[in-house]
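The values are calculated or read from the model by the stated rules, or taken from the named source; none is laboratory data. On a predicted model such as this, the values are computed, not experimentally measured, just so you know. Here the Cβ positions follow ideal geometry from the backbone for every residue, glycine too, while neighbour counts run over all protein chains shown.
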């Protein structure tokens, strides 16, 4: 992405889903013209804009879930499991024990994890199964401390 044309940008915050990648792989995969990203570090980047003048742009990378490998779905399931362990465990067991014809759409590990998360959401809030992700976080049974632990840093950066 080229950002030199937009002089209004002061900071870029990237929130990346860890999936199966290392922090180094994620850092290298984020490509902004001349902007360097480091995990959990505010980096001051000096670039030359299209007018030939220097511009400071801050960058910040947060990889979630924190202190845990895996995908955002793991974070969500862990937060729900605090209050609804049985639902999460039984949903996981349901997806894991599907016969081969039931797993025809679940070819990759990340798809299996998404299916497990979907089953949990369908059981907890059947009426909102197809609603926006934002609504999923507002589940009465979801422990928001885990969510805020991973996204709370934004309050400080945006000040």
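Yes/no per residue for (1) under 30 Å from residue 114 (Cα atoms); (2) in a strand (DSSP E or B); (3) modelled with pLDDT of 90 or more:
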residue	(1), (2), (3)
2	no, no, no
6	no, no, no
25	yes, no, no
47	no, yes, no
59	yes, yes, yes
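How many of the residues making up region 61-83 are surrounded by 20 or more Cβ atoms within 10 Å (Cβ to Cβ), outside any helix (DSSP H, G or I) and either more than 21 Å from the chain's Cα centre (by Cα) or in contact (Cβ under 8 Å) with a residue 60 or more places away in the chain (or both)?
1
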